């Protein structure tokens, strides 16, 4: 029994997994059509990594845990990801086939470990895709709200069709009274269909999406850098106020949070079967995308904490937008405990009224 559970499997191209592409046949049997270059792989990694979390999670981690030292948190998280990325890059170069960690486990550790790793990968992408889809749904409705204001007619989706029917509150799952988060379902169905069509079409659409993502981030940096107040970076590491609240404890706590923003770089390894020169291009794709995303994250963290002060923050509750990603407003307290709302604070950057969205939508 144990012998079968830990039996390894030889790595070879799987002709029955064609990803919608024509299967080339040759002396070594069928294999996926190899069309991806290092540039495609880097764009694939950036597209998988950069998402709704770059503004939302950055604001949360800065306001509640690290302050301006969030930059250090990103570096720590990037270092941890780089170690994993080096492992992925080496395996992807040695075993240039589809399947990512599942195939690597099957070839080296056996069926049982591969089965366990495979289901963990499914679980990882399940939660990651659901979270990003929910965030996209919230941003879509915010965008529809802005259009509604411009045209004078409400075209936003009702909460019944744009919110999750359940939410997790204080350790318990509670019904929200809504039916379905329809935009999230539609975007997942659309992207699933795109993946089914084929890797060439998926890579093309991904390249367009990456250009849009990076353009938005660069526009934010270009507008916001003129409003940076260096005084907001002092003290760079705020004094610790409790376990995980500022100080080095808060920096490491924030690192565990922003690590979520890096989820997806390993997706590059799943395209090894479609890479033209996987031994050379896979390491470039994995580590290159990780390096670019780290630079962008650090730049956003610096600018975001520079344009808005990081308060001694407390969250106003479990509110936020319909997606569940945008945090409740951070309320700054003065020395007498009176609440101040006259200036934006880091912690609500993803909301339409937050500093990041405000700069992009209305200018400085």
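The values are calculated or read from the model by the stated rules, or taken from the named source; none is laboratory data. Since the model is a prediction, treat every value here as computed from it, not as a measurement. Neighbour counts are summed over all protein chains in view; Cβ atoms, including those assigned to glycine, are modelled from backbone coordinates with ideal geometry.
For residue 320, state whether it is over 26 Å from residue 102 (Cα atoms), surrounded by fewer than 20 Cβ atoms within 10 Å (Cβ to Cβ), at pLDDT below 50 and in contact with a helix residue (DSSP H, G or I) (Cβ under 9 Å, 6 or more places away or on another chain). Yes, satisfied. Comparison of 121, 161, 109 shows that the only residue that is free of Cβ contacts under 8 Å to residues at least 24 places away in the same chain and farther than 23 Å from residue 285 by Cα is 161. Looking at 155, 173, 237, just one residue is outside any helix (DSSP H, G or I), closer than 21 Å to residue 56 by Cα, at pLDDT 85 or above and over 23 Å from the mean Cα position of the chain (by Cα), and that residue is 237.
In the set 203, 164, only one residue is in contact with a strand residue (DSSP E or B) (Cβ under 9 Å, 6 or more places away or on another chain), assigned to a helix (DSSP H, G or I), modelled with pLDDT under 90 and surrounded by 11 or more Cβ atoms within 10 Å (Cβ to Cβ); that residue is 203.
How many residues are under 16 Å from the mean Cα position of the chain (by Cα) and assigned to a helix (DSSP H, G or I) if we restrict to the stretch 256-286? Counting residues in the stretch 256-286 that are under 16 Å from the mean Cα position of the chain (by Cα) and assigned to a helix (DSSP H, G or I) gives 12. With respect to (1) in contact with a helix residue (DSSP H, G or I) (Cβ under 6 Å, 6 or more places away or on another chain); (2) surrounded by fewer than 24 Cβ atoms within 10 Å (Cβ to Cβ); (3) modelled with pLDDT of 75 or more, the lone exception for residue 252 is condition (1).
Results for (1) more than 30 Å from residue 35 (Cβ to Cβ); (2) at pLDDT 90 or above; (3) touching a helix residue (DSSP H, G or I) at 6+ places or on another chain (Cβ under 9 Å); (4) part of a loop (DSSP other than H, G, I, E, B), shown as yes or no for each residue.
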residue: 147; (1), (2), (3), (4): yes, yes, no, no
residue: 193; (1), (2), (3), (4): no, yes, no, no
residue: 207; (1), (2), (3), (4): no, no, yes, no
residue: 216; (1), (2), (3), (4): no, no, yes, no
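From the list 131, 178, the one residue that fits, being surrounded by 13 or more Cβ atoms within 10 Å (Cβ to Cβ), at pLDDT below 90 and assigned to a loop (DSSP other than H, G, I, E, B), is 178. Applying the selection to the stretch 218-228, what residues are in contact with a helix residue (DSSP H, G or I) (Cβ under 7 Å, 6 or more places away or on another chain) and either assigned to a helix (DSSP H, G or I) or under 16 Å from residue 49 (Cα atoms) (or both)? Residues satisfying the conditions are 219, 220, 221, 223, 224, 225, 227.
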